[in-house]
Amino acid sequence: MHSEFFNTICRVGIFMICAQTIVHFRPNGSYEKYIKLLVSVMLLIQILKPVMDIFGESSSEDFEVRIAWFDEQLQEGLYKAEEGAESAEEIINQMTLDEAYEKITEDGGTENMDEGIYIEPVEKVEDVKLE
């Protein structure tokens, strides 16, 4: 118990020395608050991990079960998002077709819809040099 506590204190001390070195040699002063925030979070994790090991159930099997559950939830979420994207794409395609049909009917071009589209030939225009 005491050796684990001592190892945690040593690990936190070494981490703080390295973190202060990184903060001191930062490339730009505007990054200081972000680096300090990151260091603070990492320090909290290092301090809370031994506490959670003592008071919580930290068996590797429990961790693997949590990871498997998280992976299952992630896969289910991705599947639902994929289904939603497909249905949204179908709705957008249908709306586009409906809008195009409405535009054609407004212009009065429905009488020749079954015959296809005819484009009249255009005369070739001589190349004009712009100066």
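The values are calculated or read from the model by the stated rules, or taken from the named source; none is laboratory data. What you are looking at is a predicted structure, and each value in this text was computed from that prediction instead of being measured. Here Cβ is always computed from backbone atoms with ideal geometry, including for glycine, and neighbour counts include all displayed protein chains. Surface accessibility is based on the protein's heavy atoms, side chains included, excluding ligands, DNA and RNA. Shrake-Rupley method; radii C 1.70, N 1.55, O 1.52, S 1.80 Å.
Listing for the model above:
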item: Check on THR110, surrounded by 10 or more Cβ atoms within 10 Å (Cβ to Cβ), modelled with pLDDT under 75 and among the β-branched types (Val, Ile, Thr); result: yes
item: Close pairs from the range 1-15: first modelled with pLDDT of 85 or more, partner open to solvent by less than 90 Å² (accessible area, probe 1.4 Å) and hydrophobic (A, V, I, L, M, F, W, C), Cβ under 8 Å, at least 6 apart; result: VAL12/LEU43; VAL12/ILE47; PHE15/MET42; PHE15/LEU43
item: Positions within the range 41-72 being within 18 Å of PHE15 (Cβ to Cβ), at pLDDT below 80 and open to solvent by 100 Å² or more (accessible area, probe 1.4 Å), in sequence order; result: MET52
item: Selection count, the range 19-40, where residues are part of a helix (DSSP H, G or I), open to solvent by 70 Å² or more (accessible area, probe 1.4 Å) and of a type outside the set (Lys, Arg); result: 7
item: When residues of the range 1-18 are limited to those that are more than 22 Å from PHE63 (Cβ to Cβ) and among the β-branched types (Val, Ile, Thr), the one least open to solvent (accessible area, probe 1.4 Å); result: VAL12
